[in-house]
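Asks: Following this message is one structure expressed as structure tokens.
The values are calculated or read from the model by the stated rules, or taken from the named source; none is laboratory data. In this text the structure is predicted, and so the values were computed from the model without any measurement. Because the Cβ atoms are built from the backbone with ideal geometry, glycine has one as well, and the counts that use them run over all protein chains shown.
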Amino acid sequence: MRLLPLIVSCVVAAFPPTQALAFEGIRITLLGTGMAESPAPQGGPGMVIESGDEVLLFDCGRGSLERLERAGLHAFDVTAVFLTSLDSDHVDGCREIWRAALRGNRFQGFSVWGPSGTVQLFRRIDDELALAGGVGTRAFDIADNIVYQPESLTVTAFVARGPTEIRRFGYRVDAQRRSVALSSDAGAAENIARYARGVQVMMQEVSGREESEASTEARPSPEEAGRLFRASRPYLALYSHVIAEGATEEQLLRRTRRSYRGAVQVGRDLMVIEVQNEVQIRSAPSEPRMN
């Protein structure tokens with residue numbers, strides 16, 4: 001794989017929230033990372049991945065709508081939704097996003113992919129919101145496979161924990177000769193590494209717990225995540241959601257480097273990562289979003 005230069009850019013320009021742009025490349029916007037500046041409330045997991053005309057939402061934890069709007073996007077701009085887990089912290093913001101989307105005159109209903117139980121969950125949400133006719137949710141339970149493939153990109157789901165336990169998934173997005181991957185778990189480390197191998201950016205949830213601690217916590221420790229990054233060999237490894245458990249950012253990175261020496265970044269709410277000819281970490285998009 002040809003390595004892309006990593007450029008950290010501190011851009012603070014704000015763009016009007018009514019604008020949207022078909023992005024050439026892959027643009028990632030982190031919504032809830034667990035690393036919000038105090039006293040801002042900690043949001044649940046969520047991110048947006050844009051490429052071409054596609055605006056993909058991965059997880060919709062608590063506060064996702066507010067951060068989506070702060071990123072300059074409307075709920076009805078989202079073209080597809082993908083869930084890594086049905087844990088409450090990954091879906092608590094879905095109803096709020098659905099309600100906001102219904103206020104848009106372009107909204108025709110969402111398509112949602114997720115672990116077993118996704119179809120049942122969104123039948124209940126549709127009933128609660130009294131959705132009917134052409135605006136009902138199109139929900140799909142997934143397995144390792146290509147799950148979404150419009151003309152401009154491919155989204156592939158892969159098991160991140162299972163099959164004997166509650167299944168959690170990761171996703172790989174391939175678009176315009178670039179690739180990124182994300183996972184909320186590391187229980188199926190070999191499978192995750194196989195699907196994520198060679199991507200430009202790999203995003204992983206992490207817990208600050210000590211590796212030696214017995215825990216049912218799904219998220220890996222920094223040492224476990226580091227071994228996963230080493231097997232996957234991304235250009236940039238990124239912690240997309242952090243359960244700190246008292247660990248500081250410096251401690252998370254130091255512990256990760258016990259098993260991985262590549263580039264690692266701890267995500268922040270509304271951080272933007274753009275993958276074009278370079279990989280850029282930014283505080284705002286490089287181009288204004290336009291209708």
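Asks: State which residue is surrounded by the most Cβ atoms within 10 Å (Cβ to Cβ) when the search covers only the range 31-53 and only residues that are modelled with pLDDT under 95 and charged (D, E, K, R).
Replies: Per the stated criteria, the residue is ASP53.
Asks: I would also like to ask the following. Check whether at least one residue in the range 154-166 is hydroxyl-bearing (Ser, Thr, Tyr) and loosely packed, with under 14 Cβ neighbours inside 10 Å, and report yes or no. Step through it out loud before you land on a result.
Replies: Initial filter on the range 154-166 (hydroxyl-bearing (Ser, Thr, Tyr)): 154, 156, 164.
With the extra rule that they be loosely packed, with under 14 Cβ neighbours inside 10 Å, the set shrinks to 164.
Within the range 154-166, one or more residues are hydroxyl-bearing (Ser, Thr, Tyr) and loosely packed, with under 14 Cβ neighbours inside 10 Å.
Asks: Within the range 60-99, how many residues are within 15 Å of THR29 (Cβ to Cβ), surrounded by fewer than 21 Cβ atoms within 10 Å (Cβ to Cβ) and of a type in the set (Ser, Thr, Tyr)?
Replies: Selection size over the range 60-99: 1.
Asks: Being among the aromatic types (Phe, Trp, Tyr) and in a helix (DSSP H, G or I): is that true of PHE76 here? Explain how you work it out, then say what you get.
Replies: Numbers: among the aromatic types (Phe, Trp, Tyr): yes; in a helix (DSSP H, G or I): yes.
The answer is yes for PHE76.
Asks: While we're looking at this one, here's another question. Could you tell me which residue of the range 192-208 is nearest to MET47 (Cα to Cα), considering only residues that are at pLDDT 95 or above and surrounded by fewer than 19 Cβ atoms within 10 Å (Cβ to Cβ)?
Replies: Checking each candidate, the answer is ARG197.
Asks: Where residues in the range 100-125 are at pLDDT below 90 and of a type outside the set (A, V, I, L, M, F, W, C), which of them is surrounded by the fewest Cβ atoms within 10 Å (Cβ to Cβ)?
Replies: Start the filter on the range 100-125 by keeping residues that are at pLDDT below 90, which leaves 102-109.
From what's left, of a type outside the set (A, V, I, L, M, F, W, C): 103-106, 108-109.
Details: ARG103: 10, GLY104: 12, ASN105: 6, ARG106: 8, GLN108: 12, GLY109: 16.
Filtering the range 100-125 for residues that are at pLDDT below 90 and of a type outside the set (A, V, I, L, M, F, W, C), the one surrounded by the fewest Cβ atoms within 10 Å (Cβ to Cβ) comes out as ASN105.
Asks: Do you know which residues across the range 220-259 are assigned to a loop (DSSP other than H, G, I, E, B), within 22 Å of the chain's Cα centre (by Cα) and modelled with pLDDT of 95 or more?
Replies: Hits for the range 220-259 are ARG233, PRO234, TYR235.
Asks: Write out, first by first residue and then by second, each pair whose Cβ atoms fall under 6 Å of each other, whose residues are 6+ apart or on separate chains, and whose first residue, in the range 63-76, is over 16 Å from SER283 (Cβ atoms) while the second is of a type in the set (Phe, Trp, Tyr) and part of a loop (DSSP other than H, G, I, E, B).
Replies: Cβ pairs passing all conditions: PHE76/PHE107.
Asks: Among the residues that make up the range 244-253, is at least one of them among the β-branched types (Val, Ile, Thr) and either crowded, with 16+ Cβ neighbours inside 10 Å or more than 13 Å from MET35 (Cβ to Cβ) (or both)? Quick ask: steps written out before the conclusion?
Replies: The initial filter retains those residues of the range 244-253 that are among the β-branched types (Val, Ile, Thr), namely 248.
Those left that are additionally either crowded, with 16+ Cβ neighbours inside 10 Å or more than 13 Å from MET35 (Cβ to Cβ) (or both): none.
No, the conditions are met nowhere in the range 244-253.
Asks: Please count how many residues of the range 150-185 are within 20 Å of SER207 (Cβ to Cβ), of a type outside the set (A, V, I, L, M) and more than 15 Å from the chain's Cα centre (by Cα).
Replies: Applying the first criterion (within 20 Å of SER207 (Cβ to Cβ)) to the range 150-185 yields 159-162, 165-170, 181-185.
From the residues that got through so far, the ones that are of a type outside the set (A, V, I, L, M) too are 161-162, 165, 167-170, 183-185.
Checking the rest, the ones that are also more than 15 Å from the chain's Cα centre (by Cα) come to 161-162, 165, 167.
Here the count works out to 4.
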